[in-house]
Every structure is written in C-alpha cells, then in structure tokens.
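The values are calculated or read from the model by the stated rules, or taken from the named source; none is laboratory data. None of these values were measured; they are calculated from a predicted model. Here the Cβ is made from the backbone with ideal geometry for all residues, glycine too, and neighbour counts use every protein chain on show. When the accessible area is computed, the model is the full protein with side chains, heavy atoms only, and any ligands, DNA or RNA have been set aside. Shrake-Rupley method; radii C 1.70, N 1.55, O 1.52, S 1.80 Å.
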Amino acid sequence: VDLKAMESLITKNTILLVGSAPGYAHGMIDDIPAIADMARKRGIGCHVDGCLGGFILPWLKESGVLDIPPFDFRVPGVTSMSADTHKYGYAVKGTSVVLFRNPEYRRGMYYVNTEWNGGIYASPSIAGSRPGALIATTWASLMSMGRDGYLKAAIEIGNMQKTIKQGIEEIEELELVGDSNTMVLAFTSSKFNIFSIKSLMGERGWNLNPLQKP
C-alpha cells in the first residue's frame, strides 16, 4: 500500500486503517507497523486482513523458512485481524474468524435488535448463527493438524516457494510481479501470452490463478 496516499486520505471521519498480510494477488505484506503507527497516533483502529495468511504466516515466521515481517498483535496499534480457516487452516468454508486485541473492541461486533417481533434478538455478529457442524469440523481439522502439522506444512510450502521463485527468475521470458516473501508468487511475461502459459501449465497438472491488471 502507498503509505503517503493512505495518510493523505485520513480525515476526521476515518475510524479504521487496513493492511493486508498478504495481498491475494501478489503475496506482498503491507507495512503493518507503519500503518498501525498512523492509526495509533490518531486514536483509530488498525485491521490486518490476514484472511489468506492468517494460518500460515505465523508458522513461516516461527520456522524462519521465509523472512516474514511483523504483521500481527505483536505490532503496537493493531486492533483486529481476520483469518480464513478454509485456506491454510485446512478446514471447511464458512468458519472464518475475526480476532480483537481486547474485549472492548470485540463488543462492537455484537448485534442486538430490541424491536424484532420475536423479542430481543442478540448475536455475536450481524451474520447470526452458524451451523454447528461447520464449527465442529473446523475444530477437528485444527486438532488433527496440530502445532507440528501446521509447522511442517509451512516449512514445506516455504521451501517450495523459494524453489519456484528461483525457477521463475532463471527463465528469461518470465518476470516476477513484486518481490513476495510469502507463500504467494505472481509472475508475468512480456514475450508470451501469460494466459496461454497458464493453460499449458494446467495440462501439466499445475493449478495457477489468472489475474488481471497486475
């Protein structure tokens, strides 16, 4: 994110600044310490969108397999984070989580409707109830993987990222889009149709995500 542009857009009506860890398209982690510092100095919230990286960045950082910068609650000023369990948490969809630095922030999630015909309706979130089966299967996935499982998977993914990144850098006709230090890599080509490359790679068993306007 362009920090100067972000700061220039802050007004008296701004209640929250958001950074990605990482961004989906390029795998780049925003400068969370700088964003959080801007928010902290103004007394507003700082949310880290960790939907993609929330369940793998901590393990990549702990293992040291990739150089992961600070991005979580260890950064002063970060007030909330999101993480998708169905990505690197290896669970089912519909159980993503949002975390808060303290209970005071969490209270803002509660939804209460005192005028509903059925009586007072209160829920921990606007979305309301979730199927218990989804929560149970997610818990089972987390317990099945365990600390060792997540750490092992992160190390394998991190090492594979370095192998693929080096391979792309060695192919003259390809170029990386950004300098990702996470599990996501983006690359393009100024010589060949990148979507044709994607199709040919698919025939070889690779599942690549095509993106526009890199």
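Any idea of the accessible area per residue across region 1-108, 1.4 Å probe, to the nearest Å²? Walk me through the numbers on the way to the answer.
Numbers: 5600 Å² over 108 residues.
With all protein chains present, region 1-108 gives 52 Å² per residue.
Mind checking which of Ile171, Cys51, Ser80 is farthest towards the positive end of the chain's charge dipole, using Cβ charges of +1 (Lys, Arg) and -1 (Asp, Glu) about the Cα centre?
It is Ser80.
Go ahead and set up a Gaussian network model of the chain, Cα springs under 10 Å, then flag whichever of Arg204, Arg107, Arg130 fluctuates most.
Arg204
Quick one: Karplus J couplings for region 158-169, per residue in order, coefficients 6.51, -1.76, 1.60, θ = phi - 60°, nearest Hz, x for Gly and Pro?
With coefficients 6.51, -1.76 and 1.60, one gets x, 5, 5, 4, 5, 5, 5, 4, 5, x, 5, 5 Hz.
If eta is 1.306 mPa s and T is 10 °C, what Stokes-Einstein diffusion coefficient results for region 97-214, Kirkwood Rh from Cα pairs, in µm²/s? Working shown, then result.
Details: Rh = 19.2 Å.
Approximately 83 µm²/s, per Stokes-Einstein.
With every protein chain present, what accessible area does Tyr105 have (1.4 Å probe, heavy atoms only), rounded to the nearest 10 Å²?
Its accessible surface works out to 100 Å², give or take rounding.
Just to confirm my numbers, what's the Cα centroid distance between region 143-200 and region 82-136 in Å?
Here the two parts' Cα centres lie 33 Å apart.
Under 5 Å between amide hydrogens, which residues at least 5 positions from Phe187 or on another chain qualify, with H placed 1.01 Å from N in the peptide plane?
Val177
With label points built 7 Å along Cα→Cβ from the Cα atoms of Tyr121 and Glu104, find their separation and express it in nm.
About 3.1 nm separates the two model spin labels.
Given contacts defined as C-alpha pairs under 8 Å and at least six residues apart, what's the relative contact order of the chain, whole-number percent?
On the way: 320 pairs, mean separation 39.7, N = 214.
Relative contact order for the chain comes out at 19 percent.
What is the log10 of I(q)/I(0) for the chain, computed with the Debye formula using one identical point scatterer on each Cα and no solvent, at q = 0.09, 0.10, 0.11, 0.13 Å⁻¹?
Each listed q maps to, in turn, -0.46, -0.57, -0.68, -0.91.
Using helices alone, what [θ] at 222 nm do you get for the chain, with -39,500 (n - 2.57) per DSSP H run of 4 or more residues, divided over all residues and rounded to the nearest 500? Walk me through the intermediate numbers first.
Values: 6 runs with 77 residues, N = 214.
Roughly -11500 deg cm²/dmol at 222 nm, from the helical runs in the chain.
Please turn the phi angles of region 78-94 into ³J(HN,Hα) values with the Karplus equation 6.51 cos²θ - 1.76 cosθ + 1.60 (θ = phi - 60°), one per residue in order, whole Hz, x for glycine and proline.
6, 10, 7, 9, 10, 8, 8, 5, 7, 9, 7, x, 6, 10, 8, 6, x
Roughly what angle does helix 194-203 make with the longest principal axis of the chain, taking Cα atoms, 0 to 90 degrees, to the nearest 10?
90
Can you spot the lysines whose alpha carbon is less than 24 Å from Lys61's alpha carbon? Ignore those fewer than 8 places along the same chain.
Lys61 reaches Lys87, Lys152, Lys162, Lys165.
Let me know the charge dipole size of region 1-134 about its Cα centre in debye, to the nearest 20, where only the beta-carbon of Lys, Arg (+1) and Asp, Glu (-1) is charged. Let's see the in-between values first.
Details: 13 positive and 12 negative charges, 64 e Å.
The dipole of region 1-134 has a size of about 300 debye.
What residue among Ile32, Ile168, Ile56 shows peak mean-square fluctuation when the chain is described by a Gaussian network model with Cα springs under 10 Å?
Ile168
Given a 10 angstrom Cα cut-off, can you work out which residue in Glu62, Glu172, Glu156 is the most mobile in a GNM of the chain?
Glu172
Round to the nearest 0.05 the FRET efficiency obtained for Leu9 and Asp67 when R0 = 30 Å and r is the Cβ-Cβ distance. Walk me through the numbers before you get to the answer.
Details: r = 30 Å, r/R0 = 0.99.
It comes out at approximately 0.50.
Which ³J(HN,Hα) values, rounded to whole Hz and listed in residue order, are derived for region 59-68 from phi using the Karplus coefficients 6.51, -1.76 and 1.60 in 6.51 cos²θ - 1.76 cosθ + 1.60 with θ = phi - 60°, glycine and proline given as x?
Listing the rounded values in order: 6, 4, 5, 5, 6, x, 5, 10, 8, 9 Hz.
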